[in-house]
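Engineer: Could you have a look at this structure, given as structure tokens, before my questions?
The values are calculated or read from the model by the stated rules, or taken from the named source; none is laboratory data. Everything quoted here is computed from the prediction, not taken from an experiment. Cβ placement follows ideal geometry from the backbone for every residue including glycine, while neighbour counts extend to all protein chains displayed.
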Amino acid sequence: MVEAKTSSVLAAAHPLVDGRTSGAALVRAYRGERPELRPVWFMRQAGRSLPEYRRVREGRGMLETCVTPELVAEITLQPVRRHGVDAAILYSDIVVPLRLAGVDVDIVPGVGPVLAAPVRSRADVDQLPPLDPGALAPITDAVALTVAELGSTPLIGFAGAPFTLASYLVEGRPSRDYVHTRALMRDDPATWHALLGRVATISGTFLRAQVLAGASAVQLFDSWAGALTPTEYVELVQRHSAATFAAVSDLPVPRVHFGTRTRPLLTSMHAAGATVMGVDTETPLDEASAILGGSVPLQGNIDPDLLGSPWPMLREHARDVLRRGLTAPGHVVNLGHGVPPDTDPDVLTRLVELVHEEG
């Protein structure tokens, strides 16, 4: 577990140091405690389903928005104001650090991240630019603006894990079968490790900048890790996720690791340096806790597909998640994946109220 301590590396005005968030329910649950209030937040809560988000984004591209500090702060704060969630997560995208490093990538509506030139050879890897910390000013400014408004509500920083980011680089766009990624892993492991090493450094730099600017926790998303076997993960990925977490391991912040379809990988993902494991919908929390030896705080895992179901069905499912969450030393309620864009915002607000009343 993450110890309840501060660090001389963090500024005196950091929320964990000056006391604003050190006693927050989210931080305490991440540390393996049982606060009076069961904390709850939702992945992809910043944006997507909120009409106020769509108004802010009107006429603006995704990546343009992600590097405009005032817009990032406003969008990050919107779900806190509307739903009363117990944490904000920085509005961004996992390819933002690649873009800030100088990689030619854009987010195409209806498609997702698309690269001008996929990375498939050692020469391509060697040409990847490093992330200059000076290029992160839009992100650190956004964090500072957001934290100033959040008060005692913690901000979670995040980044994409090396496997998922590298897969985007290799495939050139979202993929269902990862043909080029698997070919590189199989046929040229030296180049594969060189690529993940570069990406791990970029992601670690991105995470550390967010913490130093005021984030009280971090989450590493390995959205595509479920495509790997346990052996593939350990031999080809784990060390690079560990390097990403190592970039913030000297800082007193909880470190959450999340991926989808990752039940067979839970112990290996935790061993990469996480202090909290996010659990997707496919694995009940009590089973995830047993797999992890009953000693790891958990986050999850309300089924986002049920957000459109009749309220009694969603309510009973949420209560079941709350019960199963009691098997872990600490539990933060979340979804098993992100908020679907067609979700009724009032349902999320009602869900937060339920968790606070019964959790």
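Condition check ((1) over 26 Å from G259 (Cα atoms); (2) under 16 Å from the mean Cα position of the chain (by Cα)) across all residues:
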| position | (1), (2) |
| --- | --- |
| L26 | no, yes |
| Y30 | no, yes |
| E33 | no, no |
| W41 | no, yes |
| E52 | yes, no |
| R57 | yes, no |
| E64 | yes, no |
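Engineer: With the requirement that a residue be over 17 Å from the mean Cα position of the chain (by Cα) and of a type in the set (V, I, T), what does region 286-312 give you?
Structural biologist: I291, V296
A quick yes/no check of all residues on (1) part of a helix (DSSP H, G or I); (2) touching a residue at least 24 places away in the same chain (Cβ under 8 Å); (3) closer than 22 Å to R120 by Cα; (4) among the hydroxyl-bearing types (S, T, Y):
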site: V170; (1), (2), (3), (4): yes, yes, yes, no
site: S175; (1), (2), (3), (4): no, no, yes, yes
site: T181; (1), (2), (3), (4): yes, no, yes, yes
site: T191; (1), (2), (3), (4): yes, yes, yes, yes
site: T205; (1), (2), (3), (4): yes, yes, no, yes
site: S223; (1), (2), (3), (4): no, yes, yes, yes
site: E235; (1), (2), (3), (4): yes, no, yes, no
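Engineer: Take region 32-63 and flag every residue that is of a type in the set (D, E, K, R) and either at positive phi or without any contact (Cβ under 8 Å) to a residue 40 or more places away in the chain (or both).
Structural biologist: E36, R44, R48, E52, R54, R55, R57, E58, R60
Engineer: Moving on to the next point. Being within 13 Å of the chain's Cα centre (by Cα) and part of a loop (DSSP other than H, G, I, E, B) is the filter; apply it to region 264-285 and report the residue that is surrounded by the most Cβ atoms within 10 Å (Cβ to Cβ).
Structural biologist: Step by step, filter region 264-285, then rank; the result is V279.
Engineer: Restricting attention to region 69-95, report how many residues are of a type in the set (A, V, I, L, M, F, W, C), over 15 Å from the mean Cα position of the chain (by Cα) and either at pLDDT below 95 or within 24 Å of G23 (Cβ to Cβ) (or both).
Structural biologist: Result for region 69-95: 4.
Engineer: Here is a check on your reading of the model: is P130 in contact (Cβ under 8 Å) with a residue 24 or more places away in the chain, within 15 Å of L195 (Cβ to Cβ) and of a type outside the set (K, R)?
Structural biologist: Yes: the conditions hold for P130.
Engineer: Just checking: which of the helices (runs of 4 or more DSSP H) contained wholly in region 96-154 hold 1 or more residues that are within 19 Å of the chain's Cα centre (by Cα) and surrounded by 14 or more Cβ atoms within 10 Å (Cβ to Cβ)?
Structural biologist: Output list reads 96-101, 137-150.
Engineer: Among the residues of region 213-263, how many are of a type in the set (V, I, T), within 13 Å of the chain's Cα centre (by Cα) and surrounded by fewer than 24 Cβ atoms within 10 Å (Cβ to Cβ)?
Structural biologist: Residues flagged as of a type in the set (V, I, T), within 13 Å of the chain's Cα centre (by Cα) and surrounded by fewer than 24 Cβ atoms within 10 Å (Cβ to Cβ) within region 213-263 amount to 2.
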